[in-house]
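J.: One structure is given below, represented as structure tokens, and several questions about it will come after.
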Amino acid sequence: MATEHIGDSILGRLRADTLTRVRTFANRVLHVVETLESQGRSRRLLDQLTASGCSVGANLYEADEAMSRADFAKTLGIVIKELNETRFWLELCVMREWIQQDRLDPLLQEALQLKKMFGAMITRTRKTAVGAKKQV
């Protein structure tokens with residue numbers, strides 16, 4: 001994979017467009033939080049949504065700098081967990097009728113697509129690691 005400089009970071013394992021996609025996801029989550037905050041919704045729930053939604057990107061950046069394949073796969077697993085938690089909080093907001101389902105559908109779909117993409121990356125990484133061990 002090509003190495004690309006973004007600011008002071010050297011990105012090696014992930015494509016720049018993948019990192020951009022997760023930053024955009026986190027930004028969209030923050031827009032939802034700001035909308036709900038302006039309506040006076042539960043601060044605790046909004047803090048949880050902010051934390052999980054932004055943690056997706058933070059953990060992906062950490063995975064990009066992983067020291068090993070195992071560390072990369074483990075950190076991607078955390079990204080998937082944070083995506084699941086974000087989906088939970090978003091769905092709860094819809095259930096409470098704080099925001100309409102159709103407004104969140106694109107964001108929920110993006111969370112599912114990201115989850116599938118990172119799940120596939122974990123599978124490929126683990127298969128590559130097993131293949132490398134067999135050759136030794």
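Rundown of residues vs (1) of a type in the set (Asp, Glu); (2) closer than 13 Å to LEU114 by Cβ; (3) assigned to a helix (DSSP H, G or I), yes/no style:
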{"position": "VAL32", "(1), (2), (3)": "no, no, yes"}
{"position": "LEU46", "(1), (2), (3)": "no, no, yes"}
{"position": "THR86", "(1), (2), (3)": "no, yes, yes"}
{"position": "LEU92", "(1), (2), (3)": "no, no, yes"}
{"position": "GLU97", "(1), (2), (3)": "yes, no, no"}
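J.: Please find, among LYS127, LYS116, the residue that is basic (Lys, Arg), in a helix (DSSP H, G or I), loosely packed, with under 14 Cβ neighbours inside 10 Å and at pLDDT 95 or above. I'd like the intermediate steps shown before the answer.
T.: Values: LYS127 fails: at pLDDT 95 or above.
One residue alone meets the criteria, LYS116.
J.: Mind telling me which of the residues MET67, MET121 ends up being more than 13 Å from VAL56 (Cα to Cα) and in contact (Cβ under 8 Å) with a residue 40 or more places away in the chain?
T.: Numbers: MET67 fails: in contact (Cβ under 8 Å) with a residue 40 or more places away in the chain.
Going through MET67, MET121 in turn, just one is more than 13 Å from VAL56 (Cα to Cα) and in contact (Cβ under 8 Å) with a residue 40 or more places away in the chain: MET121.
J.: Quick one: is THR24 under 30 Å from ARG124 (Cα atoms), at pLDDT 95 or above and exposed (fewer than 13 other Cβ atoms within 10 Å of the Cβ)?
T.: Working: under 30 Å from ARG124 (Cα atoms): yes; at pLDDT 95 or above: yes; exposed (fewer than 13 other Cβ atoms within 10 Å of the Cβ): yes.
It is true that THR24 is under 30 Å from ARG124 (Cα atoms), at pLDDT 95 or above and exposed (fewer than 13 other Cβ atoms within 10 Å of the Cβ).
J.: Read through the list (1) of a type in the set (Gly, Ala, Ser); (2) farther than 14 Å from ARG13 by Cα; (3) crowded, with 17+ Cβ neighbours inside 10 Å, then give the number of the only condition that ALA58 fails.
T.: The one condition ALA58 does not meet is (3).
J.: Let me ask another. Does any residue of region 88-107 turn out to be of a type in the set (D, E, K, R), farther than 30 Å from LYS127 by Cβ and surrounded by 15 or more Cβ atoms within 10 Å (Cβ to Cβ)? Steps first, please.
T.: The first filter runs over region 88-107 and keeps only residues of a type in the set (D, E, K, R), leaving 91, 96-97, 102-103, 105.
Going one step further and asking which of them are farther than 30 Å from LYS127 by Cβ, we end up with 91, 96-97, 102-103, 105.
From the residues that got through so far, the ones that are surrounded by 15 or more Cβ atoms within 10 Å (Cβ to Cβ) too are none.
Checking region 88-107: not a single residue is of a type in the set (D, E, K, R), farther than 30 Å from LYS127 by Cβ and surrounded by 15 or more Cβ atoms within 10 Å (Cβ to Cβ).
The values are calculated or read from the model by the stated rules, or taken from the named source; none is laboratory data. None of these values were measured; they are calculated from a predicted model. Backbone-built Cβ (ideal geometry, glycine too); neighbour counts: all protein chains shown.
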